[in-house]
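Have a look at the structure below before the remarks.
The values are calculated or read from the model by the stated rules, or taken from the named source; none is laboratory data. Since this is a predicted model, take the numbers as computed values, not measurements. Every residue, glycine among them, receives a Cβ derived from its backbone with ideal geometry; neighbour counts consider all protein chains shown. We work out accessible area using only protein heavy atoms, side chains counted, and drop any ligands, DNA or RNA first. Shrake-Rupley method; radii C 1.70, N 1.55, O 1.52, S 1.80 Å.
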Amino acid sequence: MQKVFTVESANRTLPLVRRIVEDLVQQYGRWQQRLKDAELAAASTKPELLGEAAKLQREVQALAAEIEGFVEELAGIGAEAKAPLDGGLVDFPGEVDGRPVYLCWRLGEPSIQHWHEIDAGFAGRQPLHSLPASAETT
């Protein structure tokens, strides 16, 4: 069963979520760079780069596993990391007037300040003050 957050309960998780997302964004950037490096090394005809390509590929795999761990850690809290992972975007399942919505937070924001319909995504973010007065998320 999926956890349903209120704005208050989601905000209480932010110190931990923020640390996880900071690590996630940092490692995702490293993963992207190592992936490019590995692809360039693998495409090279220079023999000395073939060994480097294998080493870089192992690093890519290790970073991918670490990133997956961060995503799973967020899921364990009840939050969802959203792609692209370098954007630091996290959704918390919530409810408004009995229908499911997401409470939306992005790395750098001090608290939960937005929400959106389940199928709206980031482009559909709306400020919390736009929620109906009877919303159960507050």
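The condition of being of a type in the set (Lys, Arg), at pLDDT below 95 and at negative phi holds for only one of Lys82, Lys46, Lys36, that being Lys46. For Glu39, state whether it is free of Cβ contacts under 8 Å to residues at least 12 places away in the same chain and over 30 Å from Ser111 (Cβ atoms). Against the criterion (free of Cβ contacts under 8 Å to residues at least 12 places away in the same chain and over 30 Å from Ser111 (Cβ atoms)), Glu39 qualifies. With respect to the conditions (1) acidic (Asp, Glu); (2) free of Cβ contacts under 8 Å to residues at least 60 places away in the same chain; (3) over 23 Å from Gly87 (Cβ atoms), Glu73 falls short on a single one, namely (3).
Of all the residues in the stretch 32-88, those that are small (Gly, Ala, Ser), over 30 Å from Ile112 (Cα atoms) and assigned to a helix (DSSP H, G or I) number 8. Looking only at residues of the stretch 3-37 that are in contact with a Gly (Cβ under 7 Å, 6 or more places away or on another chain) and open to solvent by less than 30 Å² (accessible area, probe 1.4 Å), we find that the one that is nearest to Leu74 (Cα to Cα) is Val21. Those residues that are surrounded by fewer than 16 Cβ atoms within 10 Å (Cβ to Cβ), in a strand (DSSP E or B) and without any contact (Cβ under 8 Å) to a residue 60 or more places away in the chain, I need them from the stretch 89-99; list them, please. Answer for the stretch 89-99, where residues must be surrounded by fewer than 16 Cβ atoms within 10 Å (Cβ to Cβ), in a strand (DSSP E or B) and without any contact (Cβ under 8 Å) to a residue 60 or more places away in the chain: just Arg99. Restricting Leu74, Leu107 to those that are open to solvent by 30 Å² or more (accessible area, probe 1.4 Å), within 26 Å of Gln32 (Cβ to Cβ) and under 10 Å from the mean Cα position of the chain (by Cα) reduces the list to Leu107.
Tell me whether the stretch 115-138 contains one or more residues that are assigned to a loop (DSSP other than H, G, I, E, B), open to solvent by 30 Å² or more (accessible area, probe 1.4 Å), within 28 Å of Arg34 (Cβ to Cβ) and of a type in the set (A, V, I, L, M). No: the stretch 115-138 contains no residue that is assigned to a loop (DSSP other than H, G, I, E, B), open to solvent by 30 Å² or more (accessible area, probe 1.4 Å), within 28 Å of Arg34 (Cβ to Cβ) and of a type in the set (A, V, I, L, M). Per this entry, Ala54 is not counted among residues that are within 26 Å of Leu131 (Cα to Cα), free of Cβ contacts under 8 Å to residues at least 12 places away in the same chain and not β-branched (Val, Ile, Thr).
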